[in-house]
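Reading through the structure tokens given below for one structure.
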Amino acid sequence: MADPSELPPIREVIARHGLSASKALGQNFLLDEQLLSRIAAIPGDLKGARVLEVGPGPGGLTRALLRAGARVTAIEMDQRCLPALAELSDAFPGQLDVIEGDAMKLDHGALMQGEPFHIASNLPYNVGTALFTRWLDEAQWPPQWLSLTLMFQREVADRIVSKPGTSAYGRLAVLAQWRSTAKLALKVHRSAFTPPPKVMSAIVHITPAKAPEGHENGGDRGNPARRNGQRRRVRRARAGAWLGDPRPRDAKRHNTRHVKGLPLGYQPNRWIQPVGVTGLLWELTLCKLERPIALSHSPDPLLSC
């Protein structure tokens, strides 16, 4: 059994196991143990608490969480990292459970055996936003998780904590704030990673709050981000009926069979011209702006709202 106080530096672990960050897996390793300890402290006292970590890699944040007394369940799909994580399991007996697999395909609540848990992760960049929206979009509220402490690209983190009326405010902010409290907990310079990414990063900390009255377990019906998405799909489908059916060879097909509220007589699966004046109006009106521009000759009030 290894002594936790005698664990080698993470850089040595990476070198000994011949590890390198995989671009395909969105990996960037954190080596600064003081910084990792600061991240592990953000959720508060973790002694005896259950913590889910996605993408531990060589175990930098994992060891910081274990030293804080947490019982960690780590999901890792990179088989190269499993021996390094096994060493941590030996050093902290009974505290670390490593699951080999894809976090996008696993039931996280079932993995934690129904117990409340925190989530703390230096998320792989290529799945970070998808996992984030999944955790915040749970139908049951308050959720099983107690807090989210997550690393994102700085631009994404700024969007998550942005306020209404700012240019960064959008779907991620609505999703994070309509029944949770989100804050920017720590800024992380790109030089802290190996290899250094091209962008800066930041830690976002989120705790569940009371859902708006009537939406405690609203699921899709209660989620304002989803409601806005449905409105956009209706606008796009109606615009397709208005803009015509030129059917050029390079046209793009839009499946609208699932969209409610289409105009009378509208035929599903119509073709939309992606280029020229028609395509330009489509882009300007529906894709680039949060609210469509007003068109004086528009026959549909939804297009000039």
* What pairs in K47/K105; K47/K210; K183/K210; K163/K210; K105/K187 have C-alpha atoms more than 22 Å from each other? -> K47/K105; K47/K210; K105/K187
* Sequence-distant residues sharing a close amide H with F29 (under 5 Å, placed H) -> T194
* Structure fact -> The long-range amide H neighbours of S180, using H built 1.01 Å from N in the peptide plane and a cut-off of under 5 Å, are A209
* To do: Using only the C-alpha atoms of segment 4-218, find the volume of their convex hull and express it per residue in Å³.
  => 115
* Structure fact -> Per the C-alpha gyration tensor (a ≥ b ≥ c, the square roots of its eigenvalues), segment 1-66 is rounded if a/c is under 1.5, else prolate if a/b beats b/c, else oblate; here it's oblate
* Asked: So for H189, H118, fewest C-beta neighbours within 10 Å to most, what's the order?
  -> H189, H118
* For a footprinting-style exposure proxy, rank S5, S37 by other Cβ within 10 Å, fewest first. => S5, S37
* Structure fact -> Per DSSP, the loop-located trypsin sites (Lys or Arg not before Pro) within segment 36-70 having at most 10 other beta carbons within 10 Å are K47
* Structure fact -> Ranked from fewest to most other Cβ atoms within 10 Å of their own Cβ, I10, I42 fall in the order I42, I10
* To do: Using the Kirkwood radius over Cα pairs, work out the Stokes-Einstein diffusion coefficient for segment 140-196 at 10 °C and 1.306 mPa s, in µm²/s as a whole number.
  => 124
* Structure fact -> Stretched fully, the stretch from A168 through Q79 gains (0.36 nm per residue minus C-alpha distance, one decimal, in nm) 28.3 nm
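Taken together, the values in this text are just the output of simple stated rules run on the coordinates, not laboratory data. Keep in mind the model is a prediction, meaning the values are calculated, not measured. Glycine also receives a Cβ, built like all others from the backbone with ideal geometry; neighbour counts cover every protein chain displayed.
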